[in-house]
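K.L.:
Got a structure for you, written out below as structure tokens; questions coming shortly.
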Amino acid sequence: MRRVVVTGMGAVTPIGNTVADTWEAVKAGKCGIAPITQYDATGRKVTLAAEVKGFKPEDYMDRKEARRCDRFTQLALAAADEAMKDSGIDVSKEDTDRCGVIVSSGIGGLSTICSETEKGLNKGYERISPFFIPMSISNMAAAKVAIQNGFHGICTCVTTACAGGTNAIGEAFHNIRDGYHDVIMAGGAEACVTNMGVGGFTVMQALNSTDDPNRASIPFDKERSGFVIGEGSGMLMLEELEHAKARGAKIYGEVVGYATNCDAYHMTAPLEDGSIASKCMAAAVKDASLNPEDIDYINAHGTSTPLNDKCETRAIKIAFGDHAKKLMVSSTKSMVGHLLGASGAIEGIVCVLALKNGFVPATINYKVPDENCDLDIVPNEGRNVDIKYAMSNSLGFGGHNASIICKKYED
């Protein structure tokens, strides 16, 4: 089977508007959670979110184009622009039929849906924007990234809720490994910090309602009480190894394993015994032709909800047995919140950089141990440690589970 490497990355996150800035913030344990600014949250139960700061779409596209893109697509285009430039790919020298795009979004253009619904109610539905449909549909980020780069191969959107970003990377990995494509831009984008988005998760009792940013997203902490919604985009340029070497590309890391399955249990709750999620992790290890003991670090889904963190801990224990006690398992959602369909993409970037730089990120703002989450969660301080294999987990509404395994690149 062909080897698949990462040759470019781009990110717009609550802690940095480039990969470099995001990684420096991860190493520093920076928290990107703050009071909501995108609408007036005064008097609301939930007042905090992990918003992207200082983002100007006109830095990446002309104003006319920006007006015709929902915020999630704007973020995707910004991250894809960085990843494309970082990769050094010259499209004029590529067989673009073998270059593709797989970009996840859990909800798509929610801000457009909200604003145009309000316009329709006030002015009539024949007065809404003619761009309402293309701006709001979830696949538009993938389509616009393909248009931006002239990639004519596969172009699809994985919509598996919070597992989508990891599914996008994994499906791209298998697609290249099995010979269908040579290059695929893979990742996710989300922008749901809106009245409707936050309101919807609030009435589900899924969100944390504290007003303290440092006690809002606290994965594996006994006092956790819900996740913090975030926004952003992450993109990885995946490429067949020999193709990358032939053009002299720099290589960040390698993707070596992927699996996905479904709890088939509940619309929103994970299967409490963790049995199916554990099978997903075990299948990813098998796909990589590894043993459980080979994995050094897991970037956990770690949402900071009472049920998820407990169930994921159980799943890891089942999948890894005694080795679970030796694993480092942290959640960078403690820093960036939960980016829904973009989470797995950002966490995939973090795993690649953790391997390349020999640094395991912390689970920040951890205070109160939970006997149900008793793994080594790398509390509060990251670690300078050489690691060879990292897993990234994503567990989405609907029971969607996805795991990828990245490897430190060795020629």
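K.L.:
Once amide H atoms are placed 1.01 Å from N in the peptide plane, what residues at a sequence separation of 5 or more from Gly358, or on another chain, have their amide H within under 5 Å of its amide H?
P.N.:
Here Ile387 satisfy the definition.
K.L.:
Oh, and also: With only Lys, Arg, Asp and Glu charged, each at its Cβ (+1 for the first two, -1 for the last two), find how big the charge dipole of the chain is about the Cα centre; round to the nearest 20 debye.
P.N.:
440 debye
K.L.:
Follow-up. Please list 136-145, 51-60, 347-356 highest first by mean number of surrounding beta-carbon atoms within 10 Å per residue.
P.N.:
Highest mean packing first, the order is 347-356, 136-145, 51-60.
K.L.:
Please find the FRET efficiency linking Asn380 to Tyr125, where r is the Cβ-Cβ separation and R0 is fixed at 60 Å, and quote it to the nearest 0.05.
P.N.:
0.70
K.L.:
Which ³J(HN,Hα) values in Hz, rounded to whole numbers, follow from the phi angles of segment 294-303 under the Karplus curve 6.51 cos²θ - 1.76 cosθ + 1.60, where θ = phi - 60° and Gly and Pro get x?
P.N.:
6, 6, 9, 8, 10, 8, 6, 4, x, 7
K.L.:
Are any of the pairs Lys30/Lys85; Lys56/Lys123; Lys317/Lys407; Lys367/Lys408 more than 24 Å apart by Cα-Cα distance, and if so, which?
P.N.:
Lys30/Lys85; Lys56/Lys123; Lys367/Lys408
K.L.:
Using Cα centres only, tell me the gap between segment 356-411 and segment 19-93 in whole Å.
P.N.:
The two parts, judged by their Cα centres, are 23 Å apart.
K.L.:
May I pose another question? Could you tell me the distance between the Cα centroids of segment 219-234 and segment 116-169, to the nearest Å?
P.N.:
What the calculation gives is 25 Å, centre to centre.
K.L.:
Could you check what % of the DSSP bridge pairs in the chain are antiparallel, to the nearest 5?
P.N.:
Beta bridges within the chain, antiparallel portion: roughly 70 percent.
K.L.:
Let me ask something else about it. Could you put Arg2, Arg63, Arg314, Arg215 in order, starting from the residue whose Cβ has the fewest other Cβ atoms within 10 Å?
P.N.:
Fewest-to-most Cβ neighbours within 10 Å comes out as Arg63, Arg2, Arg215, Arg314.
Here, each number is a calculation from the coordinates, and none is a lab measurement. Quick caveat: nothing in here was measured; it's all calculated off a predicted structure. All Cβ positions, glycine included, derive from the backbone under ideal geometry; neighbour counts span all protein chains shown.
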